[in-house]
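Colleague: Got a structure for you, written out below as structure tokens; questions coming shortly.
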Amino acid sequence: MTSPTMTDSGTSPGTKKVYLAAPRGYCAGVDRAVETVEKALEKHGAPLYVRKEIVHNKHVVKTFEEQGVIFVDEADEIPRGANVVFSAHGVSPAVRAQAKALELRTFDATCPLVTKVHHEVTRFSKQGYQIVLIGHHGHEEVEGTAGEAPDVVHLVDGQEDVDALDFPPDTKLIWLSQTTLSVDETMETVRMLREKYPHIQDPPSDDICYATQNRQVAVKAIAPKVQLLIVVGSQNSSNSRRLVEVAEQYGADRSYLVDYANQVDLAWLEGVDSVGVTSGASVPEILVRGVLELLAEQGFGTVEEVTTATEELIFSLPRELRPARTSRAANDNPCNTQ
């Protein structure tokens, strides 16, 4: 395949060019989740069960299936006493109780930023709040989050859900959100909520994941420069789908979501001389490289990376999978033969 040429400078008129968003791809939470499965396989071998998809990416799921990972929808599909990983999107207390009843050995790959929202639900429910959770119906993250206090969590996804809310005027209200939403879309829902309930409180800190925001900001920077923007990611990835929407809202004529380079329709490139490329937070970089190589073969040989943020956050693995620490005394003991 033809390899693209990276550049930080402009190109001459008529040159076909790719604007590559940065940051893109794996966030710290996804990196932790993927490594959790890898380490659990390394330590305990196959079969290893994962409740739901570990992250919303077809390539990642398929790769793990080839290594003996079995993905299930619910814990009761797992044999008693087996090893199971909870996905990055989190689970409710009811799922944890079910796993305990089945004597499953669990490894929790829940993104710490999702866990933070779980803790907020628990905290505010104990303080007597009704919680309006902004998110998408049926998404695993909101199911797990709402499960922390199902009697007081009310899921809203747009105007119709806001209109359906019916709280007395003196109700203590606070809004929280799914971590992978569009920032702009979320704030529009918040505007609707404030119109109806002016006293509704904001969360103590931003619930939308830093990586989700960073990837959206990067797309906003390149969308006005391009006629077409390709987002690498899976259809069930909320944050990837939001990137498609953001691209079109901020200037790209068209935007498409693909899992692999072979899903790029070459007809999309007809009459186009500027293409943007990015990827969702659960996408390995090798899939982006595949798209860049395909574009290079079609004459888009110059790639300018547009960087809007630098990400250095790293999350620790679950305690059960961290490397064992050897005590200083054992290291200093000349009789230690381990």
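The values are calculated or read from the model by the stated rules, or taken from the named source; none is laboratory data. Computed from a predicted model, the values in this text were never measured in an experiment. Don't worry about glycine lacking a Cβ; one is built from the backbone with ideal geometry, like all the others, and counts go over all protein chains shown.
Residue by residue, here is whether (1) assigned by the TED database to the domain that holds LEU181; (2) at pLDDT 95 or above; (3) small (Gly, Ala, Ser); (4) surrounded by fewer than 19 Cβ atoms within 10 Å (Cβ to Cβ) holds:
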residue	(1), (2), (3), (4)
GLY280	no, yes, yes, no
GLU293	no, yes, no, yes
GLU297	no, yes, no, yes
VAL303	no, yes, no, no
ALA329	no, no, yes, yes
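Colleague: Is it true that ASN262 is touching a helix residue (DSSP H, G or I) at 6+ places or on another chain (Cβ under 7 Å) and over 30 Å from THR171 (Cβ atoms)?
Modeller: no
Colleague: Quick test for you: out of GLY144, GLY128, pick the one residue that is touching a Ser or Thr at 6+ places or on another chain (Cβ under 9 Å) and outside the structural domain of VAL60 (by the TED database). Full working, then the answer.
Modeller: On the way: GLY128 fails: touching a Ser or Thr at 6+ places or on another chain (Cβ under 9 Å).
When all the criteria are applied, what remains is GLY144.
One line per residue, one yes/no per condition, for (1) modelled with pLDDT of 95 or more; (2) surrounded by fewer than 18 Cβ atoms within 10 Å (Cβ to Cβ):
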{"site": "GLU195", "(1), (2)": "yes, yes"}
{"site": "ASP206", "(1), (2)": "no, yes"}
{"site": "VAL217", "(1), (2)": "yes, yes"}
{"site": "ALA223", "(1), (2)": "yes, no"}
{"site": "SER237", "(1), (2)": "yes, no"}
{"site": "SER240", "(1), (2)": "yes, no"}
{"site": "ALA247", "(1), (2)": "yes, no"}
{"site": "VAL264", "(1), (2)": "yes, no"}
{"site": "GLU270", "(1), (2)": "yes, yes"}
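Residue by residue, here is whether (1) buried (at least 22 other Cβ atoms within 10 Å of the Cβ); (2) under 15 Å from ALA33 (Cβ atoms); (3) among the β-branched types (Val, Ile, Thr) holds:
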{"position": "HIS89", "(1), (2), (3)": "yes, yes, no"}
{"position": "VAL114", "(1), (2), (3)": "yes, yes, yes"}
{"position": "ILE134", "(1), (2), (3)": "yes, no, yes"}
{"position": "ALA149", "(1), (2), (3)": "no, no, no"}
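Colleague: From the list HIS139, HIS119, which one is at pLDDT 95 or above and surrounded by 18 or more Cβ atoms within 10 Å (Cβ to Cβ)? Break it down into steps so the answer makes sense when it comes.
Modeller: On the way: HIS119 fails: surrounded by 18 or more Cβ atoms within 10 Å (Cβ to Cβ).
The match here is HIS139.
Colleague: Residue check: is GLU185 assigned by the TED database to the domain that holds GLY144, acidic (Asp, Glu) and closer than 30 Å to ALA146 by Cα? Steps first, answer last, please.
Modeller: Working: assigned by the TED database to the domain that holds GLY144: yes; acidic (Asp, Glu): yes; closer than 30 Å to ALA146 by Cα: yes.
Answer is yes for this residue.
Colleague: I'm trying to understand the selection: among the residues of the range 43-57, which are touching a Ser or Thr at 6+ places or on another chain (Cβ under 9 Å) and either more than 26 Å from ASP259 (Cα to Cα) or not in a strand (DSSP E or B) (or both)? Don't jump to the end; show me each part of the working.
Modeller: Filtering the range 43-57 for residues touching a Ser or Thr at 6+ places or on another chain (Cβ under 9 Å) gives 50-57.
Within the range 43-57, LYS52, GLU53, ILE54, VAL55, HIS56, ASN57 meet the criteria.
Colleague: Please find, within the range 130-164, the residue that is nearest to GLN235 (Cα to Cα) out of those that are of a type in the set (Gly, Ala, Ser) and part of a helix (DSSP H, G or I).
Modeller: Initial filter on the range 130-164 (of a type in the set (Gly, Ala, Ser)): 135, 138, 144, 146-147, 149, 158, 164.
Narrowing further to those that are part of a helix (DSSP H, G or I): 144, 146, 164.
Values: GLY144: 20, ALA146: 23, ALA164: 28 Å.
Filtering first and then ranking leaves GLY144.
Colleague: Which one of these is surrounded by fewer than 19 Cβ atoms within 10 Å (Cβ to Cβ) and either of a type outside the set (S, T, N, Q) or assigned by the TED database to the domain that holds SER238 (or both): ALA46, ALA75? So that I can check it myself, show each step before the final result.
Modeller: Details: ALA75 fails: surrounded by fewer than 19 Cβ atoms within 10 Å (Cβ to Cβ).
Of ALA46, ALA75, the one residue that is surrounded by fewer than 19 Cβ atoms within 10 Å (Cβ to Cβ) and either of a type outside the set (S, T, N, Q) or assigned by the TED database to the domain that holds SER238 (or both) is ALA46.
Colleague: Which number in (1) touching a Pro at 6+ places or on another chain (Cβ under 8 Å); (2) in a loop (DSSP other than H, G, I, E, B) marks the one condition that PRO79 misses?
Modeller: Only one criterion in (1) touching a Pro at 6+ places or on another chain (Cβ under 8 Å); (2) in a loop (DSSP other than H, G, I, E, B) is unmet by PRO79, namely (1).
Colleague: How many residues, within the range 303-323, are closer than 18 Å to VAL84 by Cβ and without any contact (Cβ under 8 Å) to a residue 12 or more places away in the chain?
Modeller: Start the filter on the range 303-323 by keeping residues that are closer than 18 Å to VAL84 by Cβ, which leaves 317-321.
Those left that are additionally without any contact (Cβ under 8 Å) to a residue 12 or more places away in the chain: 319.
Qualifying residue count for the region: 1.
Colleague: So if I check each of GLY147, GLY138, GLY128, which one is touching a residue at least 40 places away in the same chain (Cβ under 8 Å), under 29 Å from ASP73 (Cβ atoms) and not hydroxyl-bearing (Ser, Thr, Tyr)? I'd like the intermediate steps shown before the answer.
Modeller: Working: GLY138 fails: touching a residue at least 40 places away in the same chain (Cβ under 8 Å); GLY128 fails: under 29 Å from ASP73 (Cβ atoms).
The unique qualifying residue is GLY147.
Colleague: Hey, another quick one. Would you call VAL72 touching a helix residue (DSSP H, G or I) at 6+ places or on another chain (Cβ under 7 Å) and within 24 Å of THR115 (Cβ to Cβ)? Even if it seems obvious, please write down each step before you answer.
Modeller: Numbers: touching a helix residue (DSSP H, G or I) at 6+ places or on another chain (Cβ under 7 Å): no; within 24 Å of THR115 (Cβ to Cβ): yes.
In short, no.
Colleague: Now, a different point. Can you tell which of LEU229, LEU287 is touching a Ser or Thr at 6+ places or on another chain (Cβ under 8 Å), more than 19 Å from SER182 (Cβ to Cβ), of a type in the set (A, V, I, L, M) and modelled with pLDDT of 95 or more?
Modeller: Values: LEU229 fails: more than 19 Å from SER182 (Cβ to Cβ).
That would be LEU287, the only listed residue that is touching a Ser or Thr at 6+ places or on another chain (Cβ under 8 Å), more than 19 Å from SER182 (Cβ to Cβ), of a type in the set (A, V, I, L, M) and modelled with pLDDT of 95 or more.
Colleague: Next up: Between PHE167, PHE124, which is assigned to a loop (DSSP other than H, G, I, E, B) and at pLDDT 95 or above? Let's see the steps before the verdict.
Modeller: Numbers: PHE124 fails: assigned to a loop (DSSP other than H, G, I, E, B).
Result of the check over PHE167, PHE124: PHE167.
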